[in-house]
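In what follows, a single structure is set out as structure tokens and then discussed.
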Amino acid sequence: MISFGPVPSRRLGKSLGINNIIRPKVCSYSCVYCQVGQTRNPTLTRQLFFTPEQIFRETESHLGKLSPGDRPDYLTFVSNGEPTLDINLGRSIDMLRSLDVPIAVITNSSMLSDPEVRSELSRADWVSLKVDAADANTWQEVNRPVEGLAFDTLLEGVMLFAGQYKGKLRTETLLCKGINDSQENLRGVAAIITAMKAGKAYISVPIRPPAEKGIMPPGVETVNIAWQIFREAGINTELLTGFEGVDTGFTGNIYEDILNITAVHPLREDSLRELLMKNGADFSIVESLLSQRLIKRTFYEGHKFYLRDFQVK
Ligand code: SF4
């Protein structure tokens, strides 16, 4: 099956997934946290998987079966591997255009030194680039790239694409405990994202079984620090820590509101108290959420922050 969903996505609303690489995973990376297992033969060679006609026919037929209320906000290339390794990605995007649904691509950024890949990706309306590391050693440790790919080349491709892309540019940084969650790496990643002028950066953590044993999400405190570092660099930042709340705005239900807001970003205690006051609620709700381990209190620069406790199972 090439298309699947639509699935709810905080980043994209209703997203109809397109898996343009259905066969054992094909990727240029073998990330330690990958949820589809290790990459047996990492590659930088673009290949033929499906024809654009096959992708178009299946997606068109899938859309035709959906009720009007399920019409997706995006058709999203999210693959069993790296979508830009599909030699027909650009042609597929061009064909899907006629379906009149915006197109998104989630890529690991590794192929962006290729001008043809940059040109094909630039035809999508929304592109998310992976930026997990700010230096070659951390990159090797977390993303385990195919031999022959250099960090400087990767970075150059990322900057060239960011400079030319006219659509919605996003980044995703997945943090693994003790691997890429140091403040030094976080500041370096923030500097890269700032230079890219991405509209929004997402910070995520492993929430499904990773490719390698022992890969853990960092603590809530570290995620808070990461968010603060990004925000201090002027980056519009959201957390993707596993809680895809149906609504991240105000629902009028203070309990739901606190859970939704703290899933997306840490809430400073003074803002939280203001929210409670506006809703005629008192701090006992917060104490209750803390005791249920639905949120966690953490500290940064002399302030208390509250954040969804994503480590609760
Ligand atoms: S880039 Fe994506 S598919 Fe490839 S190894 Fe990393 S997480 Fe898995």
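For GLU287, tell me the accessible area in Å² from a 1.4 Å probe, rounded to the nearest 10.
Roll a 1.4 Å probe over it and GLU287 shows about 90 Å².
Can you give me the long-range amide H partners of GLU172? Hydrogens built in the peptide plane at 1.01 Å from N, cutoff under 5 Å, separation of 5 or more residues or another chain.
Answer set, sorted by chain and number: LEU129, LYS130, VAL131, TYR202.
Find which of ALA233, SER284, TYR306 sits farthest along the positive direction of the dipole of the chain, computed with +1 on the beta-carbon of Lys and Arg, -1 on that of Asp and Glu, about the Cα centre.
SER284
Work through the residues other than ILE103 whose Cβ is under 10 Å from its Cβ and net out their charges, Lys, Arg +1 and Asp, Glu -1.
0
May I ask you to list the lysines whose Cα is less than 16 Å away from that of LYS296, ignoring any residue fewer than eight positions away on the same chain?
The reachable lysines, counting only those whose Cα sits under 16 Å from LYS296, are LYS304, LYS313.
If you roll a 1.4 Å probe over segment 254-308 with all protein chains in place, what percent of the accessible area is carbon or sulfur?
That share works out to 49 percent.
How big is the charge dipole of the chain about its Cα centre, in debye rounded to the nearest 20, if each Lys and Arg gets +1 on its Cβ and each Asp and Glu gets -1 on its Cβ?
Here the chain has a charge dipole of around 380 debye.
Kindly express, to the nearest 10 degrees and within the range 0 to 90, the angle between helix 220-232's C-alpha long axis and the longest C-alpha principal axis of the chain.
It works out to around 70 degrees.
Kindly provide the helix-only [θ] at 222 nm of the chain, computed as the sum of -39,500 (n - 2.57) over DSSP H runs of four or more divided by all residues, to the nearest 500 deg cm²/dmol?
-10500 deg cm²/dmol
In sequence order, what are the phi-derived ³J(HN,Hα) couplings for segment 75-85 according to the Karplus relation 6.51 cos²θ - 1.76 cosθ + 1.60 with θ = phi - 60°, rounded to whole Hz, with x for glycine and proline?
So the J values, rounded to whole Hz, are 9, 10, 6, 9, 10, 7, x, 9, x, 6, 6.
What whole-number value in Å² describes the accessible area per residue of segment 34-80 for a 1.4 Å probe?
57 Å²
In Å, what Rg and Dmax follow from the Cα atoms of the chain?
Just the Cα atoms of the chain yield Rg and Dmax of 20.0, 60 Å.
Report, to the nearest 10°, how far helix 183-196 tilts away from the longest principal axis of the Cα atoms in the chain, using its own Cα long axis and a range of 0 to 90°.
On a 0 to 90 degree scale, this one is about 60.
In whole angstrom, note down how far apart the Cα centers of segment 171-192 and segment 268-290 are.
Centre-to-centre distance over Cα atoms comes out at 31 Å.
So how compact is segment 71-113: Cα radius of gyration and Dmax in angstrom?
According to the Cα coordinates of segment 71-113, Rg and Dmax are 10.9, 35 Å.
Take the alpha-carbon centre of segment 200-242, take the same for segment 90-133, and report the distance between them in whole Å.
Value for the Cα centre distance between the two parts: 24 Å.
What ranking, highest mean first, results for peptides 135-146, 83-94, 18-29 when packing means the other Cβ atoms within 10 Å averaged over each residue?
Highest-to-lowest ranking by the protection proxy: 83-94, 18-29, 135-146.
Bin by bin, in steps of 10 Å, what percent of the Cα pairs in segment 254-308 do you find, going until the bin that has the longest distance?
26, 63, 11
Count the lysine pairs in segment 3-240 whose Cα atoms sit under 21 Å apart, keeping only pairs 8 or more residues apart in sequence or on different chains.
Close lysine pairs found across segment 3-240: 15.
Beyond 15 Å, what percent of the Cα pairs of segment 45-107 remain?
51 percent
Considering only protein heavy atoms and a 1.4 Å probe, what is the carbon-and-sulfur percentage of the accessible area of segment 3-57?
Here it works out to 55 percent.
Out of the total accessible area of segment 129-200 (probe 1.4 Å, heavy atoms of protein only), what percent is carbon and sulfur?
Within segment 129-200, the accessible surface is 48 percent carbon and sulfur.
The values are calculated or read from the model by the stated rules, or taken from the named source; none is laboratory data. The model shown is predicted, which means the values in this text are computed figures rather than measured ones. Backbone-built Cβ (ideal geometry, glycine too); neighbour counts: all protein chains shown. Areas reflect the complete protein model, heavy atoms only, side chains present, ligands, DNA and RNA absent. Shrake-Rupley method; radii C 1.70, N 1.55, O 1.52, S 1.80 Å.
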